[in-house]
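**Q** My questions will all concern the structure given below.
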């Protein structure tokens with residue numbers, strides 16, 4: 001009898017405590033407001049590494065706090081195998097800039113570590129002297145052209161936290177030793193949306209503080225087009241400290257970085273394109289690096305339907321041909337298209353015009369917003385895709401450049417190798433995997 005009573009009470013307890021999924025007592029779920037979700041605090045957040053100077057001896061870091069933090073610092077030291085590095089740290093005072101966004105007011109703090117030793121791992125933290133970030137590590141570039149890899153992303157732009165996050169994290173898992181992330185524009189959708197920038201930083205997470213970023217301005221980093229006066233996002237400079245070696249009128253949106261035998265040139269395809277041409281010619285003509293990679297947002301050879309950029313092509317492609325640019329990395333079209341070697345023919349057309357010499361052009365997308373390919377793009381490019389989120393791992397080793405495009409699920413979708421002989425044009429070896437092209441309507 002006693003056993004039956006306990007059984008009855010047990011059943012009653014289970015019956016009265018189990019709730020249907022999603023049920024709440026007096027506390028229905030609510031959507032957290034953006035102003036609350038992305039509110040700055042005294043604790044450092046949105047920590048990101050970039051470069052303003054030579055990657056062999058400098059490293060810039062930027063972070064955000066609320067406005068109660070008037071003075072901020074960074075501490076750094078050569079990384080050790082244990083915690084003893086804390087006895088040998090140096091402290092640097094940050095430059096602080098206020099930013100009033102659509103959600104709040106914040107302070108952005110920037111430090112450049114200088115006088116670093118090449119090819120050396122360092123540890124750093126940022127804060128106000130009391131409230132600190134965790135210790136984070138980075139490695140300076142070598143003065144020698146040692147092998148390295150970097151990751152290139154096309155547009156993230158929309159649903160960044162929910163959809164782009166898996167792409168950047170898959171890229172990190174695939175290439176954990178990558179030396180930097182290159183973002184080919186349209187990192188977010190609305191230039192001055194603090195919530196969208198907050199999503200972008202959340203998606204990259206702590207990797208942003210370990211792996212430097214090389215950002216390119218896209219059209220969605222700009223405002224004021226309908227008024228005839230374009231302005232780069234008011235978040236751009238406070239959160240990205242970038243080289244000032246470009247044209248004066250395009251500070252920190254046009255620049256170049258030399259990294260272990262590669263010259264990375266970032267252009268701004270949104271404005272004053274002609275003003276960049278003379279600078280571009282100088283940077284290409286006086287280039288001691290073996291490899292040259294250029295990135296900007298609007299493609300010279302478009303992948304999407306009803307898109308073409310003839311003025312850009314007219315201004316910049318002759319220089320790419322003359323100075324033998326190896327690879328051009330672009331975004332904007334929300335599809336994937338990769339050319340073979342494109343030489344001097346077809347300069348005035350919107351087709352890629354394969355050749356035995358010249359430059360490889362890539363258009364890619366990493367976020368979920370997708371456009372259809374233009375007619376006959378499958379014939380004009382070596383490899384194309386629709387409705388596919390991708391990241392690209394680019395590896396340079398001496399006279400060899402290896403390119404791999406992988407889907408958000410980590411599957412190899414496209415690949416090739418460029419070999420640079422002592423004399424003559426590059427040799428392109430196709431390594432496209434034997435998987436069907438992802439094109440709408442294809443079986």
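**Q** Enter the Cα centre distance for the pair segment 274-318 and segment 179-251, rounded to the nearest angstrom.
**A** Taking the Cα centre of segment 179-251 as reference, the centre of segment 274-318 is 19 Å away.
**Q** Return one number: the angle in degrees, 0 to 90 and rounded to the nearest 10, between the long axis of the Cα atoms of helix 273-285 and the longest principal axis of the Cα atoms of the chain.
**A** Around 70 degrees separate the two axes.
**Q** Which ordering of 153, 381, 201 is given by a fewest-first count of other beta-carbon atoms within 10 Å?
**A** 201, 381, 153
**Q** At a threshold of 8 angstrom on Cα-Cα distance, excluding pairs fewer than six apart, so keeping six or more, what relative contact order does the chain reach in percent?
**A** 13
**Q** Between residue 435 and residue 202, what length in nm is gained on full extension when 0.36 nm per residue of separation is reduced by their alpha carbon distance?
**A** Here the answer is 80.6 nm.
**Q** Nearest 10 degrees, 0 to 90: what angle lies between the long axis of helix 310-322 and the longest principal axis of the chain (Cα atoms)?
**A** For 310-322 against the chain, the angle is about 70 degrees.
**Q** Give, in nm to one decimal, the length gained when the segment between residue 104 and residue 89 is fully stretched (0.36 nm per residue of separation minus the Cα-Cα distance).
**A** 2.1 nm
**Q** Pick from 157, 202, 177: which residue has the top mean-square fluctuation in a GNM of the chain where Cα pairs under 10 Å get a spring?
**A** Of the options given, 177 has the highest mean-square fluctuation.
**Q** Would you mind classifying segment 287-443 by shape? Square roots of the alpha carbon gyration tensor eigenvalues, ordered a ≥ b ≥ c; an a/c under 1.5 is rounded, otherwise it is prolate if a/b is larger than b/c and oblate if not.
**A** Oblate shape, in that a/c is at least 1.5 and b/c is the bigger or equal ratio.
**Q** What distance in nm separates the two pseudo spin-label positions at residue 399 and residue 134, each 7 Å out from Cα along the beta-carbon direction?
**A** Result: 4.4 nm between the two label points.
**Q** Something else about it: For segment 64-181, just say rounded, prolate or oblate: build the C-alpha gyration tensor, square-root its eigenvalues into a ≥ b ≥ c, call rounded for a/c under 1.5, and beyond that prolate if a/b exceeds b/c, oblate if not.
**A** Oblate is the answer for segment 64-181, as a/c is 1.5 or above yet b/c matches or exceeds a/b.
**Q** Can you tell me the 0 to 90 degree angle between the C-alpha axis of helix 2-17 and the longest principal axis of the chain, rounded to 10?
**A** Helix 2-17 and the main axis of the chain meet at about 50 degrees.
**Q** Give me the one-decimal nm value for the distance between modelled label points at residue 162 and residue 66, 7 Å along each residue's Cα-to-Cβ direction.
**A** Those two pseudo-labels are separated by 2.9 nm.
**Q** Match the structure shown to one of the listed values (1) 40, 30, 23; (2) 35, 29, 21; (3) 50, 27, 21 of semi-axes √(5λ) of the Cα gyration tensor in Å, computed from it, and give that label.
**A** Given (1) 40, 30, 23; (2) 35, 29, 21; (3) 50, 27, 21, the calculated one carries the label (1).
**Q** When the chain is treated as a GNM, springs tying every alpha-carbon pair under 10 Å, which of 115, 246, 198 comes out with the largest mean-square fluctuation?
**A** 115
**Q** Given R₀ = 25 Å, what would the calculated FRET efficiency be for residue 73 paired with residue 223, taking r from the Cβ atoms and rounding to 0.05?
**A** Efficiency at R0 = 25 Å is approximately 0.15.
**Q** Could you identify which residue out of 119, 303, 141 has the top mean-square fluctuation in a GNM of the chain using Cα springs shorter than 10 Å?
**A** Maximum fluctuation in the GNM of the chain, among the listed residues, is at 119.
Each value in this text was obtained by applying a stated rule to the coordinates, not by laboratory testing. The model shown is predicted, which means the values in this text are computed figures rather than measured ones. Virtual Cβ from ideal backbone geometry, glycine too; neighbours counted across all protein chains shown.
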